[in-house]
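Only one structure is covered here, and it is reproduced in the block below.
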Amino acid sequence: MSAVEANFDGLIGPTHNYAGLSFGNLASAKNADLAANPKEAALQGLKKMKHLAGLGLIQGVLPPHDRPHLPTLRALGFSGSDREIIAKAAKAAPEVLRNVYAASAMWTANSATVAPSADSADGKVHFTPANLAAMFHRAIEHKTTARVLQTIFADENLFQHHPALAGGIHFSDEGAANHNRFCSDYGNEGLNLFVYGRTAFDKGVAPKKFPGRQTLEASKAIARNHQLNPDRVHFVQQNPKAIDAGAFHNDVMAVANKNVFFYHEEAFLDPSRLIGRLQEKAPDIELHFIEVPKDLVSLEDAVKSYLFNSQLISVPGREGPTLILPLEARETESTKKYLDGLIKMNEYQPIEDVEFLDVRQSMRNGGGPACLRLRIVLTEKEQAAVGANVIMNDALYRDLTAWVEKHYRDRVVPDDLADPDFCQENLTAVDTLTGILKLGSVFDFQR
Ligand code: SUG
């Protein structure tokens, strides 16, 4: 069956700010307390979506969540009117207030793991929202994410929705950022590679400095729930050294598209064994491995530049895949040199084009082009069943740009989070947005 890979990007929310919330994410720590520019951030994200739609790809948009998340504050003992709750939290627990204000739902690579219908035993597209148990500010995302996905992919004959994994940090799941799928064509059965940072129950090697956010146990549960063929699934551990260097998700060190795998030499514990296992499990897919040597690009430069947090995409009309990179990959000397060489390379390597996009506002919180998108493979029939108004086109781009211009502040600093007017502004903005995107009442305060 013919199918395409759609990218669903998170629209960057009006509360985008730098709060230093993610331990192990170097950019988040480094930029904590800087002034953020939510309007600029959202416009950068929208331009990225417009660019990919313009290349002929199916581009979807997922909404920001309702932040500050007042139900979380209420559950934690803050009571009264919305304004009173903000005032009390700002005084008694400013660190909690920061967490419930995070616009982190923008990084939709972490929103869920998705299995295409070509891979699941029942022939449905399976979705599991990520519990994001490793970080408080992200652990409050999955309920809303589930509602949004269920609204957009509503046809029960085609789409199967699972709840986020229960079990706390033992089943800590960070979604598609730790998952890659290889295939000869999107509609053919793929090979699913799940990458974990640590094991929960037996004591294997683990990072020493920073948390391994994804557990093997979580990845295995998702593969079971999604009814994947065990012969077409492989689990591999991320190199603890890479996590300790700041690669808190595997998509900071590796990206795949169809039969091409682009990754850093130190991304995995034993890369040559990994290559062998992938080839054994998918003899029908002619895999191409582009391993970037550490002597050319250090782990530190890979993290700084986000070379691998790029989107490797098949652009209609282009023979080989295109790599969509953040500007930072052109500004880091080693990665610029590597990319210049890659395109000129004499021996066969399939990547045809590289393009650079400005997503600096998101990058300052550790989110590159690949973090901002969730890949969903869809057949024609499944595409036709996509509900709401979330597929990017000129009209939606115009409406969303106007919505951002109207509702977003230019600048947000940590003190603004204590301002009750800012809270109301943000809830009004996302309330209006659900109308534009025809999502119905997906937010708690709308129900
Ligand atoms: O979970 N940053 C996100 C970045 C997620 C990037 N996603 C992928 N690699 N797929 C995170 O660490 C920082 C928020 C702050 O500090 O204000 C943050 O949540």
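Please go through region 267-309 and pick out each residue that is over 17 Å from L193 (Cβ atoms), touching a residue at least 24 places away in the same chain (Cβ under 8 Å) and part of a loop (DSSP other than H, G, I, E, B). P293, K294, L296, V297, S298, Y306, L307, listed by residue number.
Cβ-Cβ contacts under 7 Å between residues 6 or more apart (or on different chains), taken from a first residue in region 361-372 that is within 6 Å of the ligand (Cβ to nearest atom) to a second residue that is part of a loop (DSSP other than H, G, I, E, B), are listed as N365/Y18; N365/N31; G366/S22; G366/N25; G367/W107; C371/W107; C371/N309. Note on region 98-127: residues that are over 30 Å from D421 (Cα atoms), more than 9 Å from the ligand (Cβ to nearest atom) and among the aliphatic types (A, V, I, L, M) amount to 6. Considering each residue of region 12-19 in turn, none proves to be touching a residue at least 24 places away in the same chain (Cβ under 8 Å) and not in a loop (DSSP other than H, G, I, E, B).
Given the criterion in contact with a Phe, Trp or Tyr (Cβ under 9 Å, 6 or more places away or on another chain), at pLDDT 95 or above and surrounded by fewer than 23 Cβ atoms within 10 Å (Cβ to Cβ), identify the matching residue among L323, L299, L327, L307.
Result: L327 is the single residue among L323, L299, L327, L307 that is in contact with a Phe, Trp or Tyr (Cβ under 9 Å, 6 or more places away or on another chain), at pLDDT 95 or above and surrounded by fewer than 23 Cβ atoms within 10 Å (Cβ to Cβ).
Based on this model, can you work out whether H65 counts as within 16 Å of the ligand (Cβ to nearest atom), within 21 Å of A176 (Cβ to Cβ) and not small (G, A, S)? So H65 passes the test. Within region 224-235, the residues that satisfy the criterion of being surrounded by fewer than 24 Cβ atoms within 10 Å (Cβ to Cβ) and touching a residue at least 24 places away in the same chain (Cβ under 8 Å) are N225, Q227, L228, N229, D231, R232, V233, H234, F235. Out of A53, A27, one residue alone is in contact (Cβ under 8 Å) with a residue 24 or more places away in the chain, assigned to a helix (DSSP H, G or I) and touching a strand residue (DSSP E or B) at 6+ places or on another chain (Cβ under 7 Å). It is A53.
Each residue in region 147-180 was checked for being away from the ligand (no atom under 16 Å from the Cβ), at pLDDT 95 or above and farther than 15 Å from W107 by Cα, and 19 of them qualify.
Looking at this structure, is K258 out of contact with any Leu (no Cβ under 6 Å at 6 or more places or on another chain) and closer than 28 Å to T322 by Cβ? Spelling it out, K258 is indeed out of contact with any Leu (no Cβ under 6 Å at 6 or more places or on another chain) and closer than 28 Å to T322 by Cβ. Exactly one residue out of G387, G368 is part of a loop (DSSP other than H, G, I, E, B) and closer than 23 Å to E291 by Cβ: that is G368.
Looking at region 27-61, which of the residues that are hydrophobic (A, V, I, L, M, F, W, C) and within 14 Å of the ligand (Cβ to nearest atom) is surrounded by the fewest Cβ atoms within 10 Å (Cβ to Cβ)? Only one residue fits best here, namely A35. Select from region 149-180 the residues that are out of contact with any helix residue (DSSP H, G or I) (no Cβ under 9 Å at 6 or more places or on another chain) and closer than 21 Å to G367 by Cβ and list them in ascending order. The one that is out of contact with any helix residue (DSSP H, G or I) (no Cβ under 9 Å at 6 or more places or on another chain) and closer than 21 Å to G367 by Cβ: L149. One residue is enough: does region 238-253 have a residue meeting the conditions in contact with a strand residue (DSSP E or B) (Cβ under 8 Å, 6 or more places away or on another chain), crowded, with 21+ Cβ neighbours inside 10 Å and either in a strand (DSSP E or B) or at pLDDT below 95 (or both)? The answer is yes, given that some residue of region 238-253 is in contact with a strand residue (DSSP E or B) (Cβ under 8 Å, 6 or more places away or on another chain), crowded, with 21+ Cβ neighbours inside 10 Å and either in a strand (DSSP E or B) or at pLDDT below 95 (or both). Consider region 433-447 and keep the residues that are assigned to a loop (DSSP other than H, G, I, E, B) and not hydroxyl-bearing (S, T, Y). The one that is surrounded by the fewest Cβ atoms within 10 Å (Cβ to Cβ) is R447.
The values are calculated or read from the model by the stated rules, or taken from the named source; none is laboratory data. Since the structure is predicted, the reported quantities are computational estimates derived from the model, not experimental observations. Here Cβ is always computed from backbone atoms with ideal geometry, including for glycine, and neighbour counts include all displayed protein chains.
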